[in-house]
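Chemist: To start, I am sharing the structure in question, which I have written as C-alpha cells.
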Amino acid sequence: MAEIMLLLVFCMLIAVGVGLANERAKLLDAMLRLRKVEAAAAADRAIVETIKKNARLAELLAQATGSASQREIDEFWRKLVESNDVVAKLGRQGVSLVALKEEGDYFAKMQRLLKEGIDPDKIAKAVALSSAIDEAGFANTMPKLTPQQITALIERGIAASKPQSENDRGNGHNWPPIINLSEAGGYYFATGSAVLTPDFARALRTVVIARLLQIAESFDVDVIEVIGHTDEQPVTNRVSNLDRHLASVTLGGADAGVLQWADNAGLGLARALAVVKVLAADARLGVFRILPLSGAQLIDTDGRLTRWDEQGDVRERRRIEIRMRKSS
C-alpha cells in the first residue's frame, strides 16, 4: 500500500513539473512579445519626434486623415528615400553628412558651374598652372595678362621651341623667333608717352631678357633690333623735339620721356628707344649691339605693308618687336 502511495505522489510531482515548465514557457513567450511591443513603441516615439521636427511631413500626415491624396504622401516618402540614398552614396565617397550641412553653399556653386558647362577637373588644372607660375616667380614680374593671353604666350613659346625641320634648314629659314610685345598682350606705355609702365619695364628686365639670352644660345646672333610700331591713328597738333634730344637720350643721360614727336614714325622710334635703354642697362646683354628702329604704321601684324584700312584704335598694331640677327 505504501508503495502505491509513493508511486502516486511521484506521478503528481511529474504532473506539477510539466505544468510548471509549460507556464514558464508561456511566461518567456509573453516577455518576448512584451519586448517587441516596447521596441515598436520606441520606434513609434522616434517617428513622432521626427515628424515634430519636420513641418512638411507633419502637415502631410495630418492631411492623410483628411483630403490629402495618397500620391502626395507617396511622393514625399519617395524623396526621403532618394535623399537617404544620395547621402549614403556621398558618404561612401568621403563626403560626410556634417560636410553637406556646413558646406552647402560650396556644393551649390559646384552645381552651377557644372550647369554652365565648366569642368571641375579643368579648374583644378588651371589652379595647378597658376601655382606653378607663382612658384616659378613670374607672378610679380609678368604684366597682368588674361587667361587667353597667357595661353597665346604658351603656344608661341611651344612653337618657338620646336626644332626646325630638315626642309626648313635646307631652305635657309632657321631664323631666330621674333618677340612681340603688344598692348593686346599687356605691354603698355603711358598714354601719349614713350614712358614704360612699371609692369612693362619689369617684364623687360626679367622675362624678355631671359628669352633673348635663350635665343642667343641657339642662334649665332650679335645684334638686337627693337622696332616700334603704331596703329594708323594720326598724330596731330604736336611739335617734334627728336632732332634736339635724341643724342642726349641715346648717350644715356636723359630719359626717353623727354622726347616729343609730330608723327607716328617719331612715336615708334621714341618708344623703341625707351625699350633699348632698359635692355642696354643689363650687363648680360653687353656683348650685343642694340638698335632702335621705327616701323611707324607701315607694317601690319602679319609682317606685310599695311592696307590703310584700320584708321581706329587697334591695340595689336601698337607693339614693340624685338628681333635678333647676325651682324654683316
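Chemist: Can you confirm whether region 284-293 contains a residue that is out of contact with any His (no Cβ under 7 Å at 6 or more places or on another chain), open to solvent by 60 Å² or more (accessible area, probe 1.4 Å), closer than 20 Å to PHE200 by Cα and in a helix (DSSP H, G or I)?
Modeler: Checking region 284-293: at least one residue is out of contact with any His (no Cβ under 7 Å at 6 or more places or on another chain), open to solvent by 60 Å² or more (accessible area, probe 1.4 Å), closer than 20 Å to PHE200 by Cα and in a helix (DSSP H, G or I).
Chemist: Here's something else I'd like to know. Taking region 294-312 as the region of interest, how many residues are open to solvent by 30 Å² or more (accessible area, probe 1.4 Å), among the hydrophobic types (A, V, I, L, M, F, W, C) and closer than 23 Å to GLY186 by Cα? Steps first, answer last, please.
Modeler: Residues of region 294-312 that are open to solvent by 30 Å² or more (accessible area, probe 1.4 Å), as a first pass: 294, 297-299, 301-305, 307-312.
Filter again for among the hydrophobic types (A, V, I, L, M, F, W, C), leaving 298-299, 305, 308.
The next check asks that each one be closer than 23 Å to GLY186 by Cα; those that pass are 298-299.
Residues meeting the conditions: 2.
Chemist: Among ARG323, ARG315, which is touching a strand residue (DSSP E or B) at 6+ places or on another chain (Cβ under 9 Å), open to solvent by 70 Å² or more (accessible area, probe 1.4 Å), part of a loop (DSSP other than H, G, I, E, B) and not aromatic (Phe, Trp, Tyr)?
Modeler: Details: ARG323 fails: part of a loop (DSSP other than H, G, I, E, B).
Unique residue meeting the criteria: ARG315.
Per-residue answers, yes or no, for (1) β-branched (Val, Ile, Thr); (2) at pLDDT 90 or above; (3) open to solvent by 50 Å² or more (accessible area, probe 1.4 Å):
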{"residue": "PRO147", "(1), (2), (3)": "no, no, yes"}
{"residue": "LYS162", "(1), (2), (3)": "no, no, yes"}
{"residue": "GLY172", "(1), (2), (3)": "no, no, no"}
{"residue": "ALA190", "(1), (2), (3)": "no, no, no"}
{"residue": "ASP220", "(1), (2), (3)": "no, no, yes"}
{"residue": "GLY228", "(1), (2), (3)": "no, yes, no"}
{"residue": "ASP243", "(1), (2), (3)": "no, no, yes"}
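Chemist: Which condition from (1) in contact with a helix residue (DSSP H, G or I) (Cβ under 7 Å, 6 or more places away or on another chain); (2) over 18 Å from VAL207 (Cβ atoms); (3) not in a helix (DSSP H, G or I) is the one that GLN260 breaks?
Modeler: Of (1) in contact with a helix residue (DSSP H, G or I) (Cβ under 7 Å, 6 or more places away or on another chain); (2) over 18 Å from VAL207 (Cβ atoms); (3) not in a helix (DSSP H, G or I), only one is false for GLN260: (1).
Chemist: If I filter region 202-211 down to residues being farther than 12 Å from ASP282 by Cα and among the hydrophobic types (A, V, I, L, M, F, W, C), which single residue comes out as most open to solvent (accessible area, probe 1.4 Å)? Outline the logic, then answer.
Modeler: Filtering region 202-211 for residues farther than 12 Å from ASP282 by Cα gives 202-203, 207, 211.
Filter once more, keeping what is among the hydrophobic types (A, V, I, L, M, F, W, C): 203, 207.
Working: ALA203: 1, VAL207: 53 Å².
Ranking the qualifying residues of region 202-211, first place goes to VAL207.
Chemist: Related question: Quick check on this structure: which one of ALA256, ALA247 is more than 29 Å from ASN174 (Cβ to Cβ) and out of contact with any strand residue (DSSP E or B) (no Cβ under 9 Å at 6 or more places or on another chain)? Steps first, answer last, please.
Modeler: Numbers: ALA256 fails: out of contact with any strand residue (DSSP E or B) (no Cβ under 9 Å at 6 or more places or on another chain).
Matching residue, one of ALA256, ALA247: ALA247.
Chemist: Something else about it: Give the residue, chosen from ILE209, ILE224, that is assigned to a helix (DSSP H, G or I) and more than 19 Å from ARG318 (Cα to Cα). Steps first, answer last, please.
Modeler: Working: ILE224 fails: assigned to a helix (DSSP H, G or I).
Result: ILE209 is the single residue among ILE209, ILE224 that is assigned to a helix (DSSP H, G or I) and more than 19 Å from ARG318 (Cα to Cα).
The values are calculated or read from the model by the stated rules, or taken from the named source; none is laboratory data. Computed from a predicted model, the values in this text were never measured in an experiment. No Cβ is skipped: glycine too gets one built from the backbone with ideal geometry, and neighbour counts run over all protein chains shown. The protein model used for the area step is the full one, side chains on, heavy atoms only, and it has no ligands, DNA or RNA in it. Shrake-Rupley method; radii C 1.70, N 1.55, O 1.52, S 1.80 Å.
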